[in-house]
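> Have a look at this one.
Rule-based calculations on the coordinates, nothing more; no lab input. Only a predicted model underlies this, so the values are computations on that prediction, with no experimental measurement involved. Here Cβ is always computed from backbone atoms with ideal geometry, including for glycine, and neighbour counts include all displayed protein chains.
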């Protein structure tokens, strides 16, 4: 795989302030859940940079949102260094610090989990940029996942996570709890915390992929991370969040079940299987929190 002439020209413009030119390109094909093109480039001064290049209108929009976060929050302890940006109006390029040699979980240890929780505390204490979406108002899917499950019942049942009888009996309680989830707040949220967006680089804990950043209750960043953490061998959600998290558990379960039941995304084939795994953990968590029988 080789970069196009347009890619080379746009990346050179994005890196202009570094006063260095790319001389070697390495395509990154593992990981990642969007069709953005990703590269590590070696520069003629010996440094390296990580690049994300849009490949369609959706990834272009996400990269523009992400660029705002990197440019406004540059220097924050939880952010890779921002190196450059170029937008030709079609396929923008974002250049950030190359942390590909860092330590990307799993496996999980107590120390790593504590480091992520401390990192999320730093995120929440950082003043958010103006104009970010609000988790409680601009992401209705977090409260309405079970309503979608009810509308698309056959698709949800086809996942094999629960039977029709269990769903009919317990869907009202799950829906009520999810609707009441306390998402409102004024804290900065990453809103897509998963292992593939977390890196341990020396003594730093870094978060990447900032296109879903918003403002809300800081518990949300922790709560929506916990299903994937447990699925990768970490502790159960109940061990991280105390009792009284039924709203977050039910909302997470509804979100992941409803999304896992949607049609596959041809340009991002790993997304639905990932959401299915998160749904399985979140469902069991919600059942425990609500005191209902676990799905069979």
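> Quickly rank 132-138, 144-150 as a protection proxy: mean count of other C-beta atoms within 10 Å, highest first.
144-150, 132-138
> A further question on this structure: Hey, could you grab the Kirkwood Rh for segment 19-152? Inverse mean 1/r over distinct alpha carbon pairs, Å, one decimal.
17.5 Å
> For residue 61 and residue 176, FRET efficiency with R0 = 25 Å and r from the beta-carbon atoms, rounded to 0.05?
Result of the calculation: an efficiency of 0.15.
> Provide the gained length on full extension for the span residue 29 to residue 103, in nm with one decimal, where the gain is 0.36 nm per separating residue minus the Cα-Cα distance.
Here the segment from residue 29 to residue 103 would lengthen by 24.9 nm.
> Follow-up question, since we're still on this one. Under a GNM of the chain (C-alpha, springs under 10 Å), which listed residue has the highest mean-square fluctuation: 253, 30, 187?
Largest GNM mean-square fluctuation: 30.
> Which of rounded, prolate, oblate describes segment 5-97, given a ≥ b ≥ c as roots of the alpha-carbon gyration tensor eigenvalues and a/c under 1.5 marking rounded, otherwise prolate only if a/b is larger than b/c?
Rounded is the answer for segment 5-97, as its axis ratio a/c remains below 1.5.
> Between 226, 274, 189, find the one with the highest GNM mean-square fluctuation for the chain; connect C-alpha pairs within less than 10 Å.
Evaluated over the chain, the most mobile residue of the options is 274.
> Within segment 269-293, list the residues whose amide N lies under 18 Å from a label point set 7 Å along Cα→Cβ of residue 165.
292-293
> What angle do you read, to the nearest 10 degrees and between 0 and 90, between the alpha-carbon axis of helix 57-72 and the longest principal axis of the chain?
Value to nearest ten degrees: 80.
> I've got another one for you. Determine the gain in length on full extension of the stretch residue 158-residue 2; use 0.36 nm per residue of separation and subtract their C-alpha separation, reporting nm with one decimal.
52.1 nm
> Roughly speaking, what is the stretch gain from residue 16 to residue 267, that is 0.36 nm per residue apart minus the C-alpha to C-alpha distance, in nm to one decimal?
Residue separation times 0.36 nm, minus the Cα-Cα distance, leaves 87.3 nm.
> Running a GNM on the chain with Cα contacts under 10 Å, which residue among 156, 101, 115 ends up with the highest mean-square fluctuation?
Of 156, 101, 115, the Gaussian network model singles out 101 as fluctuating most.
> To the nearest 500 deg cm²/dmol, what mean residue ellipticity at 222 nm is calculated for the chain from DSSP H runs of n ≥ 4 alone, each contributing -39,500 (n - 2.57), summed and divided by the residues?
Value at 222 nm, helices only, nearest 500: -13500 deg cm²/dmol.
> What is the Å³ per residue value for the convex hull set by the Cα atoms of segment 112-178?
146 Å³
> If R₀ is 41 angstrom, what is the calculated FRET efficiency for the pair residue 45 and residue 137, using the beta carbon separation as r and rounding to 0.05?
It comes out at approximately 0.35.
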